[in-house]
Amino acid sequence: MDWIRLTKSGKDLTGLKGRLIDVTEEELAQHNKKEDCWICIRGMVYNITPYMEYHPGGEEELMKAAGRDGTDLFDQVHRWVNYESMLKECLIGRMAIKHVSISKEVTSVENKMNKHLNGSVASSKMSRTSSKESHPWYDWFQTESLVTVAVYTKMKNVCSELVIVDHLENVLRGEIIIGDYSYLLHSELSHPVQKDIEVKVSATAGKIEIKMKKKEPVSWKSLGQPMDGHNSFLKHSQRGLYYRKCRLASKTDINYNTKLFCVQLPQGCHLQVPVGHHIYLKMNISGVDIVKPYTPVASCLLPDAQYSTFCNKQCLYLMIKIYPNGSITPHLENLTVGDYISISNPQGTFSSFQIENVMDVFLVAAGTGITPMIRLLQHVLTCVSSLRKAKLIFFNKKEEDILWKEQVEELSLADKRFEAQLILSEPSVKWTGYRGQISYSLLNESILRTEEGSKILICICGPNAFVDQGISFLQDLGFSKEEVFAFRE
């Protein structure tokens, strides 16, 4: 908030008195000191010298990108941060454009020459034989009452969770995640359609169909007007986050400081969050967009409730701890049913392939670090036939801090494969369970394979210091990088 007040003070934070300039690589490189520091993020250059003392990660982290392009570093650490809003008063200008290569010029010309033929888009050979050989393409066709857009991914493992579609104000936006890449279909439709859409995914054929009902039985001459990023195929990390407004449907107390928020996706939105992935929640506070990551959970921990919870794919549940002095949670606490929250597309690096044929799963969590574990736990108990043991090692300060304590205990009684180890660092005298903090000896005693050589997965989540310490202990215990996955809060 101190930084926000400074940006609104009218002080010149760029040193250029409001001018915007084109910055060459050579000029950028000259501003690489703490007292004179420029960085580039996605082609835009910022003078972050005045921001140094306000950066939560310290000056050292910012200096890693001093005088150069810091996009990759930024994406690795906190891609979710709305830097455009935070640093808008520090904007110097954009990077000077280099001379475009002949191959890029030819591609641009060919893209402009693409024609709509019989309702389909002709794809240039260059785009199909580029370095990204699996570049998807799309086609569309119509009947008197229906328009169908078909996307051909050329992949055999596309699932519904990797397809996000939004239809809002006659704009169709469809994003398909294919490995490390993202394909985008983005068009203002030539005629109005009904709000609801239908998305069908054929995993074996690698084909996605988006079906839309026409409002009027007219013949379309084209799908519509292409918009930003239409028909592009980029590294997923290079694709900006997309948000849609979701309605708060309910708010339920979990314990004294944690609530379960149920948010409803808008009509015309197809969005499913894969297991182990998260979304970003955005609110505008004091004129600045504040963004935080949260992992959707089920409304109940018990696996039997999973199907009733997720059969309504228009709802997401978020378990959020309310911090009185937090940047965003007090504002979430003040929301009432019917208010709107902006929610991003799913993000994350966890893959379902990591739990294929796994026999032993250990979930090491602290506090709200349990949230990514909930659906993962449900998934392995209900969908992984090879599973022999699933264990939750759950650290908290006091007994009242334990989230879903009763549900965890019920689950351990309902499924013999599941075991919960609840550990408190500041227990009351009445506590008869485990005491202490994460340590080498505790993990050595708690994480045991059901048999020698069994395939194991250990997931850990909590505050950064907790996660770093846990990973160090697990490495010392001899577990490989492939056997350990960290969810970062």
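Scanning segment 448-463 for residues that are within 19 Å of V384 (Cα to Cα) and open to solvent by less than 40 Å² (accessible area, probe 1.4 Å) yields S454, I456, L457, I458, C459.
From F466, F395, F473, which residue is surrounded by 14 or more Cβ atoms within 10 Å (Cβ to Cβ), part of a helix (DSSP H, G or I) and touching a strand residue (DSSP E or B) at 6+ places or on another chain (Cβ under 8 Å)?
F466
Residues that are touching a helix residue (DSSP H, G or I) at 6+ places or on another chain (Cβ under 7 Å) and either at pLDDT 95 or above or farther than 17 Å from T143 by Cβ (or both) occur in segment 201-210; there is at least one. For L302, state whether it is over 19 Å from the mean Cα position of the chain (by Cα), farther than 22 Å from V467 by Cα and at pLDDT below 95. Yes: the conditions hold for L302. Note on segment 143-172: among residues that are surrounded by 14 or more Cβ atoms within 10 Å (Cβ to Cβ), in contact with a Ser or Thr (Cβ under 8 Å, 6 or more places away or on another chain) and of a type outside the set (A, V, I, L, M), the one that is farthest from L265 (Cα to Cα) is K154. Residues in segment 423-437: is at least one touching a Leu at 6+ places or on another chain (Cβ under 8 Å), open to solvent by less than 10 Å² (accessible area, probe 1.4 Å) and over 26 Å from H277 (Cβ atoms)? Yes, because at least one residue in segment 423-437 is touching a Leu at 6+ places or on another chain (Cβ under 8 Å), open to solvent by less than 10 Å² (accessible area, probe 1.4 Å) and over 26 Å from H277 (Cβ atoms). Which pairs turn up if I take residues in segment 165-182 that are in a strand (DSSP E or B) and look for partners that are polar (S, T, N, Q) and open to solvent by 10 Å² or more (accessible area, probe 1.4 Å) with beta carbon separation below 7 Å, at least 6 apart in sequence or on another chain? Partner pairs satisfying both residue conditions: I178/S134.
Just so you know, in segment 438-447 the residues that are among the small types (G, A, S) and either over 15 Å from G478 (Cα atoms) or part of a helix (DSSP H, G or I) (or both) include one that is least open to solvent (accessible area, probe 1.4 Å), and it is S446.
Residues of segment 420-467 being at pLDDT 95 or above and acidic (D, E), which ones? If the condition is that a residue be at pLDDT 95 or above and acidic (D, E), then E426, E445 are the ones that fit.
I'm checking my understanding of the structure. Among residues of segment 187-209 that are touching a Gly at 6+ places or on another chain (Cβ under 6 Å) and surrounded by 17 or more Cβ atoms within 10 Å (Cβ to Cβ), which one is farthest from M227 (Cα to Cα)? Only one residue fits best here, namely I197. Counting only strands (runs of 3 or more DSSP E) that sit wholly inside segment 191-286, those with at least 1 residues that are of a type in the set (G, A, S) are 193-202, 224-226, 232-235, 243-253.
The values are calculated or read from the model by the stated rules, or taken from the named source; none is laboratory data. The model shown is predicted, which means the values in this text are computed figures rather than measured ones. Cβ sites come from the backbone with ideal geometry, for glycine too, and all protein chains shown count toward neighbours. Just the protein is used for accessible areas: all its heavy atoms, side chains included, with ligands, DNA and RNA removed. Shrake-Rupley method; radii C 1.70, N 1.55, O 1.52, S 1.80 Å.
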